[in-house]
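Engineer: Below: one structure in structure tokens.
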Amino acid sequence: MKEISKTPEKISGMFNEIAADYDKNNNIISLGFHSFIKQIAVKELAPKYNDTVLDLCCGTGDICEILKKYVNPKNIIGIDFSSEMLRIARQKHPSLNFIQSDISSLPQEISNIDKITICFGLRNVENRAKVLEQVYRVLKPGGFVLHLDFGRKNLFSKMFDLFVSLFVKVMHKNSTPYSYLINSKNQYPEPDDLAKEFEFANLKFFKRKDFVFGVISMQIYKKI
């Protein structure tokens, strides 16, 4: 399988292009399950009201919105490098703080974070090791990071690929972002292999929960 390019310029440009339809299309291709899964994953993280929480690759802010159920909105920071995704996030969630930044090089003033979420985002970065270094740097000792993304590559994963391909043919003129979605999913490490990358960054495995027959996987790691 040919390795796909994930330069910040290419990926941010792609997400800028699809931002306007991003939420609607996510609902369609996940059959609405993505929202339910994100709710469970955030609850598993057990955020507290006074926690400072950083949502990396925040997109249009759906994880930030879930976090508001548990955390003081003033303590929630969403970060993304797509200007269009952030524009929509700020419109939808005017009370929250959003910052445009590459998560491989977070602003130095960000530190002392209690909990970090990164949902369907780590898969899109060029250098995961750099991101995990940043996660370790900004997270408090004893702090937790929630990772949520595609999991095992099984029969149900292949069925998802087929469904997305059919959706693109019927509903979407530009197939490039959704071809990228399938390819990036299939080139992404499965949860057991990904856990080794987190452990190498001194983020210790804490718990895992799989969804939709393992197609989606949530893991939580702790900074020791």
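Engineer: What's the number of the only condition in (1) touching a Gly at 6+ places or on another chain (Cβ under 9 Å); (2) among the hydrophobic types (A, V, I, L, M, F, W, C); (3) crowded, with 21+ Cβ neighbours inside 10 Å that Val135 fails to meet?
Structural biologist: Looking at each condition in turn, Val135 falls short on (1).
Engineer: Counting only residues that are within 21 Å of Gly78 (Cα to Cα) and more than 15 Å from the chain's Cα centre (by Cα), give me the helices (runs of 4 or more DSSP H) lying completely in the stretch 105-224 with at least 2 of them.
Structural biologist: Because the criterion is at least 2 residues that are within 21 Å of Gly78 (Cα to Cα) and more than 15 Å from the chain's Cα centre (by Cα), the helices (runs of 4 or more DSSP H) in the stretch 105-224 that meet it are 128-138.
Engineer: Does Gly59 meet the test of being under 20 Å from Ser179 (Cβ atoms), outside any helix (DSSP H, G or I) and not polar (S, T, N, Q)?
Structural biologist: For Gly59, the condition - under 20 Å from Ser179 (Cβ atoms), outside any helix (DSSP H, G or I) and not polar (S, T, N, Q) - is met.
Engineer: Right, another one. Within the set of pairs 6+ apart or on separate chains, which have a first residue in the stretch 1-20 that is surrounded by 10 or more Cβ atoms within 10 Å (Cβ to Cβ), a second that is outside any helix (DSSP H, G or I) and of a type in the set (A, V, I, L, M, F, W, C), and C-beta atoms under 7 Å apart?
Structural biologist: Lys6/Val125; Pro8/Phe81; Ser12/Phe81
Engineer: Applying the selection to the stretch 1-37, what residues are β-branched (Val, Ile, Thr) and more than 16 Å from Gly121 (Cβ to Cβ)?
Structural biologist: Ile28, Ile29
Engineer: Moving to a separate point now. Would you confirm whether any residue within the stretch 119-132 is touching a residue at least 40 places away in the same chain (Cβ under 8 Å), touching a strand residue (DSSP E or B) at 6+ places or on another chain (Cβ under 6 Å) and of a type in the set (Val, Ile, Thr)?
Structural biologist: no
Engineer: Sort out which residues of the stretch 21-42 are assigned to a helix (DSSP H, G or I), surrounded by fewer than 16 Cβ atoms within 10 Å (Cβ to Cβ) and among the small types (Gly, Ala, Ser), and write them in order of number.
Structural biologist: Ser35
Engineer: Give the residues of the stretch 154-175 that are surrounded by fewer than 16 Cβ atoms within 10 Å (Cβ to Cβ) and closer than 27 Å to Phe205 by Cα, sorted by residue number.
Structural biologist: Listed by number, the residues that qualify are Asn154, Leu155, Phe156.
Here, each number is a calculation from the coordinates, and none is a lab measurement. Bear in mind that the values here come from a model prediction, so they are computed numbers and not experimental data. Here the Cβ is made from the backbone with ideal geometry for all residues, glycine too, and neighbour counts use every protein chain on show.
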